[in-house]
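Engineer: Quick one: the structure is below, and I'll ask about it shortly.
The values are calculated or read from the model by the stated rules, or taken from the named source; none is laboratory data. All values reported here derive from a predicted model rather than from experimental measurement. All Cβ positions, glycine included, derive from the backbone under ideal geometry; neighbour counts span all protein chains shown. Surface accessibility is based on the protein's heavy atoms, side chains included, excluding ligands, DNA and RNA. Shrake-Rupley method; radii C 1.70, N 1.55, O 1.52, S 1.80 Å.
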Amino acid sequence: MNASFLSLLASDPEIGILRGEPLFRHTTFRIGGKADVAVFPETPLAFARAVDACRRFSVPYRVIGKGSNVLFDDSGYAGAVLFTDKLIGISVDGNRITCGAGIPLKLLCHVARDNGLAGLAFAYGIPGTVGGAVYMNAGAFEGQMSDVFYEASYYDPESGEIRTVTKDGMHFGYRHSLFMENGGILLSATFLCEKGDPAEIDEEMMDHIRSRAEKQPLAEPSAGSVFRRPAGHFAGALIAEAGLSGRAIGGAKVSEKHAGFIVNTGSATAADVRGLIRVIQNEVMEKSGILLEPEIVIIDNPDRKGE
Ligand SMILES: Cc1cc2nc3c(=O)[nH]c(=O)nc-3n(C[C@H](O)[C@H](O)[C@H](O)COP(=O)(O)OP(=O)(O)OC[C@H]3O[C@@H](n4cnc5c(N)ncnc54)[C@H](O)[C@@H]3O)c2cc1C
């Protein structure tokens, strides 16, 4: 890795770096080889400087929140993986909550509840950050991030500017946002809630947690639902109907509790997961004629282009 690039990052007092950091430590799948460098900017401006440095030295980069929707390659990532862990400010102003990209959804939901602000309970139990959830337009229980999104501050790598975007500009769709189109990096977001009763909001959150515990294999590492929901169907049901519950390749297995999940039984590699995804796609296509498209973000190693 370029020595000038590394020393530029290392000399920045608001940027922490770890060289050769194993990525399995940073993903809920517990899969992934080493990143050349893991980067932890402490402020939005430091984040912008880190991305600028990547672009200036032509170093490939990826931004990661909690790593709960990604599959890194077994060979790792020959470049910089930038983490939002340190972007964790949060404040409440009337019905609005503004927070850093690295704030876990769980904390956001707690703050909303404690301030009597309704609208975010659907997100309770989604194990990601605000940045990843807005990027994915994450959703559950009939709600999605776009329902409560008000505006965001993001870094636009093309112009090198920090910009503001409101809901209309976010191009939200099913698991889709503007940042998938323009490479924008969410730095902070504001959510607009409605007044609510903390006890009722808490009740709703607890209902969701119970429902997840009942239906999802939460004790095993996974990245949640692997596939997007095909129109008019549920991916998990199609997979179960194709007789694939429990099907395994290496350490990757289709969960018997929820066939939409692939779980890591302990020693799964990214190659195992990719292989199982292909088997599922082929067999579901054969059985139902429906193509399942991955929802999880599969990140190739720029050096090796995956498998
Ligand atoms: C047990 C389990 C249950 C789940 N349930 C749900 C569910 O009900 N609904 C649902 O939608 N998802 C669910 N997920 C998937 C996942 O939790 C969500 O997609 C979550 O929003 C991802 O957030 P993250 O911070 O982990 O993002 P990551 O996995 O770190 O990243 C996901 C994508 O977002 C991008 N990204 C991350 N941060 C930023 C940023 N600041 N700016 C721009 N891009 C960024 C990354 O580059 C990557 O492309 C589940 C996952 C698990 C493990």
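Engineer: Condition first: in contact (Cβ under 8 Å) with a residue 40 or more places away in the chain, open to solvent by 50 Å² or more (accessible area, probe 1.4 Å) and more than 27 Å from Pro22 (Cβ to Cβ). Now tell me which residues in region 259-285 satisfy that.
Structural biologist: Result: Glu283, single match.
Engineer: Go through Ala259, Ala242, Ala237, Ala270 for me and flag whichever is modelled with pLDDT of 95 or more and within 21 Å of Gly33 (Cα to Cα).
Structural biologist: Going through Ala259, Ala242, Ala237, Ala270 in turn, the sole match is Ala270.
Engineer: Restricting to region 40-57, what's the tally of residues that are open to solvent by 50 Å² or more (accessible area, probe 1.4 Å) and under 12 Å from Gly102 (Cβ atoms)?
Structural biologist: Counting residues in region 40-57 that are open to solvent by 50 Å² or more (accessible area, probe 1.4 Å) and under 12 Å from Gly102 (Cβ atoms) gives 2.
Engineer: With respect to Ser222, is the statement that it is in the same structural domain as Ala112 (by TED's automatic domain parsing) and open to solvent by less than 50 Å² (accessible area, probe 1.4 Å) true?
Structural biologist: In short, no.
Engineer: Another question, then. Out of (1) closer than 15 Å to Leu71 by Cα; (2) assigned by TED's automatic domain parsing to the domain that holds Glu151, what's the single condition that is false for Ala271?
Structural biologist: The failed condition is (2).
Engineer: Within the set of pairs 6+ apart or on separate chains, which have a first residue in region 173-191 that is in contact (Cβ under 8 Å) with a residue 24 or more places away in the chain and more than 10 Å from the ligand (Cβ to nearest atom), a second that is open to solvent by less than 10 Å² (accessible area, probe 1.4 Å) and in a strand (DSSP E or B), and C-beta atoms under 6 Å apart?
Structural biologist: Within 6 Å, the pairs are Phe191/Ile97.
Engineer: Show me the helices (runs of 4 or more DSSP H) found entirely inside region 58-171 where at least 2 residues are within 8 Å of the ligand (Cβ to nearest atom), open to solvent by 20 Å² or more (accessible area, probe 1.4 Å) and closer than 22 Å to Gly184 by Cβ.
Structural biologist: 130-136
Engineer: Residues in region 172-193 that are open to solvent by 60 Å² or more (accessible area, probe 1.4 Å) and either touching a Pro at 6+ places or on another chain (Cβ under 9 Å) or closer than 25 Å to Ile88 by Cβ (or both): how many?
Structural biologist: Result for region 172-193: 2.
Engineer: Tally the residues that are surrounded by fewer than 23 Cβ atoms within 10 Å (Cβ to Cβ) and either outside the structural domain of Val59 (by TED's automatic domain parsing) or in a loop (DSSP other than H, G, I, E, B) (or both), restricting the search to region 28-39.
Structural biologist: Qualifying residue count for the region: 3.
Engineer: Enumerate the pairs (first residue in region 68-86 and under 21 Å from Arg55 (Cα atoms) and in contact (Cβ under 8 Å) with a residue 24 or more places away in the chain; second residue anywhere and basic (Lys, Arg) and open to solvent by 10 Å² or more (accessible area, probe 1.4 Å)) with beta-carbon separation below 8 Å, excluding pairs fewer than 6 apart on the same chain, so at least 6 apart or on different chains.
Structural biologist: Partner pairs satisfying both residue conditions: Gly76/Lys34; Tyr77/Lys34; Tyr77/Arg62; Ala78/Arg304; Gly79/Arg62; Ala80/Arg62; Val81/Arg62; Leu82/Arg62.
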